[in-house]
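The values are calculated or read from the model by the stated rules, or taken from the named source; none is laboratory data. As the structure is a computational prediction, the values presented were derived from the model and not from experiment. Cβ sites come from the backbone with ideal geometry, for glycine too, and all protein chains shown count toward neighbours.
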Amino acid sequence: MNDDTSLERKLRMRSARIAVVGLGYAGLPMAVEFARAGFVCVGLDVDPYKVKAISGGLSPVSNVGDDEIASLRADYVLEASSDPRVLDAADAAVICVPTPLTPNNGPDLRFVEAAGATIGEHLHAGMLVVLQSTCGPGTTARVLRPLLESVSGLRAGDDFFLVFAPERIDPGNTRYTVKNTPKLVGGLTPESTRLGCLLYEACIEEVVPVGSPEVAELAKLVENTFRFINISFINEMALLCDRLGVNVWEVIEAAKTKPFAFMPHYPSPGVGGHCIPVVPQYLQAAAREHGLLGELIPAANRINEAMPKLVVDKLERALEERAGKRLLNANVLLVGITYKPDIADIRESAALRVFREAFSRGARVRYHDPLMPIVNLAGELIASVELDPIDLGVMDAVVLLTPHTGIDYDRIIRAAPLVIDTHSGLTPREAANVVNIWVPEALAATPALS
């Protein structure tokens, strides 16, 4: 290849122009790091709202601050566009588009394929293409490579460089960020790996080269599936402890006193987000494709799906035994519906599954979440309500779900007649009207609320 030294020189001098395709929760933080490192970075996105926000110095995602965008825009190192012709001048294109699931729980690569086709139309010799989006083993080599080659007429490894380097972002995590989370880089060829490492070494503290794109693809699937299975295991223990009358949080605290061979995970109303419940299905699909009957992931799926039902079961029981009321036609307020505290993202949110479960049983469900003023449920737009003490007082029950730090929980407990708390069972809130779902309680023996 004639242009490899040119690309290397540009990467070392930070004069390479980087295009990030997809400006969501993974793509925008990556673009910000490239720009901070001194590269001129242009973000390409089909969403005009994101492009307009970034161009105006604002962030369209909650895990990047407006001040960060404004500063980089003022330094002329960060741009945003919906025009794919910006790729003509790019030395590297980094794909950060969503990889959701199909209705049948299989891999949905349509956004990767669309991004690949767009890049292919503007691909030029000596260019580096990086796929960061989570995908199954072989996607880089067997899906993206032939797509890029067929559209551009160029050959990977001979005319351009191709790398898989998975995003490992954890929205809201201030301890581990894009910059200090090790970056895996697996290229189609050794030279692709070397140049991919050179790109990321400019802005990430530790870059880890691996032997192939497949190694990097599988590593991302393994690390997230490990967490999914362990959370599902502890949720199953929560179901068992509930039947045994034991506080599962106390069990975990006792178990973690062992200084080796135990990693604590904690129960919740269910696993949510764009990674943890989705990534394992890509690994399961790969197992099926190669004739392996995987059993752990389907079992973990069943447990995860059971947790919202447990929450609503607890709600229904508490209404009957504490207030003498049925869930049917009960006025229920859910507090916190995003998938994670302090993150404005409802993708695969377990709290929304609680919403649907309670609604399906006949409850009149409303919600409060300062980060999600409106949600779309089955085509119906539903607005968040305020935490007015008078309104709280006429609710039959309030269910505390995602624990945002900005919510006044004491105010809720003072005003609401019945509160179902799904937060930590280790230090439960002490009040006569509070039922913590993790703490064993003889509800039948508790006097009805007046």
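Worth a mention:
- Met307 passes every criterion in (1) more than 27 Å from the chain's Cα centre (by Cα); (2) under 28 Å from Phe359 (Cβ atoms) apart from (1).
- Considering the stretch 32-49, and only residues there that are closer than 16 Å to Pro84 by Cβ and among the acidic types (Asp, Glu), the residue that is surrounded by the fewest Cβ atoms within 10 Å (Cβ to Cβ) turns out to be Asp47.
- Filter result for the condition that a residue is in contact with a strand residue (DSSP E or B) (Cβ under 7 Å, 6 or more places away or on another chain) and farther than 29 Å from Ser192 by Cβ, over Ser55, Ser71, Ser62: Ser55
- Residue match in the stretch 313-320 (condition: under 30 Å from Asn63 (Cα atoms) and acidic (Asp, Glu)): no
- Entirely in the stretch 18-99, the strands (runs of 3 or more DSSP E) that have 2 or more residues that are β-branched (Val, Ile, Thr) and either modelled with pLDDT of 95 or more or more than 19 Å from the chain's Cα centre (by Cα) (or both): 40-44, 92-95
- Entry remark, the stretch 297-341: residues being of a type in the set (A, V, I, L, M) and within 13 Å of Glu236 (Cα to Cα) number 6 in total.
- Note on the stretch 299-418: enclosed strands (runs of 3 or more DSSP E) holding 1 or more residues that are surrounded by fewer than 19 Cβ atoms within 10 Å (Cβ to Cβ) and in contact with a Phe, Trp or Tyr (Cβ under 8 Å, 6 or more places away or on another chain) are 374-377, 380-383.
- Within the stretch 109-141, the set of residues being surrounded by fewer than 23 Cβ atoms within 10 Å (Cβ to Cβ), in contact (Cβ under 8 Å) with a residue 40 or more places away in the chain and of a type in the set (A, V, I, L, M, F, W, C) comprises Phe111, Ala125, Ala141.
- Applying the criterion of being crowded, with 19+ Cβ neighbours inside 10 Å, of a type outside the set (Gly, Ala, Ser) and within 21 Å of Asn180 (Cβ to Cβ) to the residues of the stretch 210-246, the residue that is nearest to the chain's Cα centre (by Cα) is Asn224.
- Inter-residue pairs, beta-carbon under 6 Å, first closer than 21 Å to Asp408 by Cβ and not assigned by TED's automatic domain parsing to the domain that holds Ile343 and in the stretch 363-389, second surrounded by 11 or more Cβ atoms within 10 Å (Cβ to Cβ) and among the acidic types (Asp, Glu), 6+ apart: none
- Restricting attention to the stretch 83-115, the residues being of a type in the set (Gly, Ala, Ser) and either in contact with a Lys or Arg (Cβ under 9 Å, 6 or more places away or on another chain) or more than 18 Å from Val151 (Cα to Cα) (or both) number 4.
- Residue among Leu128, Leu109, Leu154 that is out of contact with any Gly (no Cβ under 8 Å at 6 or more places or on another chain), aliphatic (A, V, I, L, M) and farther than 28 Å from Glu289 by Cα: Leu154
- Of all residue pairs spaced 6 or more apart or on separate chains, those with beta-carbon atoms under 7 Å, a first member in the stretch 62-75 that is farther than 23 Å from Asp342 by Cα and a second member that is assigned to a loop (DSSP other than H, G, I, E, B) are Arg73/Gly57.
- The set of residues in the stretch 261-293 being exposed (fewer than 15 other Cβ atoms within 10 Å of the Cβ) and assigned to a loop (DSSP other than H, G, I, E, B) consists of Ala261, Phe262, Met263, Pro264, His290, Gly291, Leu292, Leu293.
- Condition check for Gly172: at positive phi and of a type in the set (Gly, Ala, Ser): yes
- Hits in the stretch 50-108 - residues which are surrounded by fewer than 18 Cβ atoms within 10 Å (Cβ to Cβ) and either assigned by TED's automatic domain parsing to the domain that holds Ile343 or of a type in the set (A, V, I, L, M) (or both): Leu58, Ala70, Ala74, Ala89, Leu101
- Cβ separations smaller than 9 Å between residues 6+ apart or across chains give the following pairs from the stretch 403-422 residues that are farther than 19 Å from Met372 by Cβ to residues that are aromatic (Phe, Trp, Tyr): Val419/Tyr409; Asp421/Tyr409; Asp421/Trp438.
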